[in-house]
Amino acid sequence: MASEARIDKWLWAARIFKTRSIAADACKNGRVTIGGANVKPSHMIKAGETVSVRKPPITYSFKVLQPIEQRVGAKLLPQIYENVTAPEQYELLEMTRISGFVNRARGTGRPTKKERRSLDAFIGPSLEGFDDWDADDED
(Lines give C-alpha, C1' and ligand atoms only; values in the text may rest on other atoms or scores of the structure.)
Protein backbone atom coordinates (compact mmCIF):
# COMPACT_ATOMS: atom_id res chain seq x y z
CA MET A 1 0.00 0.00 0.00
CA ALA A 2 1.02 3.61 -0.50
CA SER A 3 2.59 5.50 2.40
CA GLU A 4 0.77 8.72 1.45
CA ALA A 5 -2.53 9.64 -0.20
CA ARG A 6 -4.37 12.78 -1.23
CA ILE A 7 -6.93 13.77 1.44
CA ASP A 8 -9.79 14.13 -1.05
CA LYS A 9 -9.12 10.68 -2.53
CA TRP A 10 -8.79 9.15 0.93
CA LEU A 11 -12.08 10.66 2.14
CA TRP A 12 -13.80 9.21 -0.91
CA ALA A 13 -12.02 5.83 -0.75
CA ALA A 14 -12.82 5.49 2.97
CA ARG A 15 -16.50 6.14 2.18
CA ILE A 16 -16.72 9.29 4.31
CA PHE A 17 -18.01 11.21 1.27
CA LYS A 18 -20.06 9.77 -1.58
CA THR A 19 -18.00 11.34 -4.37
CA ARG A 20 -14.49 12.72 -4.66
CA SER A 21 -15.79 16.09 -5.84
CA ILE A 22 -17.91 16.42 -2.68
CA ALA A 23 -14.81 15.56 -0.63
CA ALA A 24 -12.77 18.18 -2.52
CA ASP A 25 -15.49 20.80 -1.97
CA ALA A 26 -15.52 20.01 1.76
CA CYS A 27 -11.75 20.60 1.87
CA LYS A 28 -12.04 23.87 -0.07
CA ASN A 29 -14.81 25.14 2.22
CA GLY A 30 -12.83 24.47 5.41
CA ARG A 31 -14.83 21.49 6.68
CA VAL A 32 -11.82 19.13 6.73
CA THR A 33 -8.98 19.77 9.19
CA ILE A 34 -5.84 17.98 10.35
CA GLY A 35 -4.46 19.14 13.69
CA GLY A 36 -6.83 22.12 13.71
CA ALA A 37 -5.57 23.46 10.36
CA ASN A 38 -7.71 23.53 7.21
CA VAL A 39 -6.31 21.42 4.39
CA LYS A 40 -6.51 21.64 0.61
CA PRO A 41 -7.82 18.68 -1.42
CA SER A 42 -4.25 17.94 -2.59
CA HIS A 43 -2.87 17.63 0.97
CA MET A 44 -1.01 14.34 1.44
CA ILE A 45 -1.93 12.31 4.54
CA LYS A 46 0.05 9.58 6.29
CA ALA A 47 -0.92 6.72 8.58
CA GLY A 48 -1.42 7.84 12.16
CA GLU A 49 -2.83 11.31 11.38
CA THR A 50 -6.23 12.34 12.74
CA VAL A 51 -8.63 13.88 10.24
CA SER A 52 -11.61 15.94 11.46
CA VAL A 53 -14.60 16.28 9.15
CA ARG A 54 -17.37 18.75 9.99
CA LYS A 55 -20.74 17.54 8.76
CA PRO A 56 -23.20 19.82 10.58
CA PRO A 57 -24.31 19.51 13.30
CA ILE A 58 -21.33 17.40 14.41
CA THR A 59 -17.61 16.97 13.74
CA TYR A 60 -16.37 13.45 13.04
CA SER A 61 -12.77 12.47 13.80
CA PHE A 62 -10.95 9.61 12.08
CA LYS A 63 -7.50 8.18 12.74
CA VAL A 64 -5.89 7.13 9.44
CA LEU A 65 -4.68 3.53 9.59
CA GLN A 66 -4.02 3.10 5.85
CA PRO A 67 -3.68 5.96 3.33
CA ILE A 68 -5.49 4.52 0.31
CA GLU A 69 -6.66 6.08 -2.94
CA GLN A 70 -8.77 3.19 -4.28
CA ARG A 71 -12.31 2.80 -2.93
CA VAL A 72 -12.82 -0.32 -0.81
CA GLY A 73 -15.84 -2.28 0.34
CA ALA A 74 -17.62 -1.32 3.54
CA LYS A 75 -16.43 -4.50 5.30
CA LEU A 76 -12.79 -3.41 4.93
CA LEU A 77 -13.26 0.03 6.54
CA PRO A 78 -11.97 -1.02 10.01
CA GLN A 79 -8.56 -1.60 8.35
CA ILE A 80 -8.61 1.87 6.72
CA TYR A 81 -9.55 4.16 9.62
CA GLU A 82 -10.52 4.19 13.28
CA ASN A 83 -13.46 6.35 14.31
CA VAL A 84 -12.26 8.48 17.24
CA THR A 85 -15.23 10.87 17.31
CA ALA A 86 -16.00 12.14 20.83
CA PRO A 87 -19.18 10.70 22.41
CA GLU A 88 -20.44 14.26 23.06
CA GLN A 89 -20.71 14.76 19.29
CA TYR A 90 -23.06 11.78 18.99
CA GLU A 91 -25.12 13.12 21.90
CA LEU A 92 -25.37 16.43 20.03
CA LEU A 93 -26.52 14.57 16.92
CA GLU A 94 -29.18 12.72 18.92
CA MET A 95 -30.40 15.97 20.51
CA THR A 96 -30.82 17.63 17.11
CA ARG A 97 -32.63 14.55 15.80
CA ILE A 98 -35.08 14.68 18.72
CA SER A 99 -35.69 18.44 18.57
CA GLY A 100 -36.69 18.46 14.89
CA PHE A 101 -36.48 21.89 13.22
CA VAL A 102 -33.24 23.18 14.72
CA ASN A 103 -32.18 25.81 12.21
CA ARG A 104 -35.60 27.41 11.75
CA ALA A 105 -36.65 30.25 14.02
CA ARG A 106 -40.20 29.93 15.30
CA GLY A 107 -42.69 31.81 13.11
CA THR A 108 -40.45 32.01 10.05
CA GLY A 109 -40.73 30.09 6.81
CA ARG A 110 -43.45 27.66 5.87
CA PRO A 111 -45.73 26.62 8.75
CA THR A 112 -45.42 23.14 10.21
CA LYS A 113 -48.41 20.83 10.22
CA LYS A 114 -49.15 21.72 13.84
CA GLU A 115 -48.86 25.47 13.14
CA ARG A 116 -51.10 25.15 10.07
CA ARG A 117 -53.81 23.40 12.06
CA SER A 118 -53.73 26.06 14.75
CA LEU A 119 -53.98 28.75 12.04
CA ASP A 120 -56.99 26.99 10.51
CA ALA A 121 -58.62 26.68 13.93
CA PHE A 122 -58.03 30.38 14.57
CA ILE A 123 -59.29 31.61 11.18
CA GLY A 124 -61.91 28.96 10.43
CA PRO A 125 -64.92 29.78 12.69
CA SER A 126 -64.93 33.56 12.03
CA LEU A 127 -65.39 33.11 8.26
CA GLU A 128 -68.36 30.73 8.36
CA GLY A 129 -70.97 33.38 7.48
CA PHE A 130 -68.96 34.84 4.59
CA ASP A 131 -69.10 31.91 2.17
CA ASP A 132 -71.74 33.53 -0.08
CA TRP A 133 -71.26 37.22 0.74
CA ASP A 134 -71.37 38.48 -2.86
CA ALA A 135 -74.66 36.66 -3.54
CA ASP A 136 -76.51 39.27 -1.42
CA ASP A 137 -74.95 42.12 -3.42
CA GLU A 138 -77.23 41.73 -6.47
CA ASP A 139 -79.17 45.03 -6.02
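The values are calculated or read from the model by the stated rules, or taken from the named source; none is laboratory data. The structure displayed is predicted, hence computed values, not measured ones. So basically every Cβ, Gly included, is an ideal-geometry build from the backbone, and we count neighbours across all protein chains shown. Calculation scope for accessible area: heavy atoms of the full protein, side chains included, ligands and nucleic acids excluded. Shrake-Rupley method; radii C 1.70, N 1.55, O 1.52, S 1.80 Å.
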> Residue-wise, which Karplus ³J(HN,Hα) couplings in Hz belong to the stretch 48-63, taking 6.51 cos²θ - 1.76 cosθ + 1.60, θ = phi - 60°, and x for glycine or proline?
Replying inline: x, 6, 10, 9, 10, 10, 8, 10, x, x, 10, 10, 8, 10, 10, 8
>> How charged is the neighbourhood of K63? Take every other residue with its Cβ under 14 Å from the Cβ of K63, and add Lys/Arg as +1 and Asp/Glu as -1.
In response: -1
> With r defined as the distance between the Cβ atoms of K114 and A37 and R0 fixed at 30 Å, what FRET efficiency is calculated, to the nearest 0.05?
Replying inline: 0.10
> Which cross-chain or sequence-distant (5 or more) residues have an amide H under 5 Å from the amide H of T85, H modelled 1.01 Å from N in plane?
Replying inline: S61
> Which FRET efficiency value, to the nearest 0.05, do you get for I22 and I123 by plugging their Cβ-Cβ distance into 1/(1 + (r/R0)^6) with R0 = 41 Å?
Replying inline: 0.40
>> Need one value: the accessible area of R71 in square angstrom, 1.4 angstrom probe, rounded to the nearest 10.
In response: 80
>> Whole-Hz ³J(HN,Hα) for each residue in the stretch 19-27, computed from phi via Karplus 6.51 cos²θ - 1.76 cosθ + 1.60 with θ = phi - 60°, x for glycine and proline: what do you get?
In response: 10, 5, 5, 5, 4, 5, 5, 4, 5
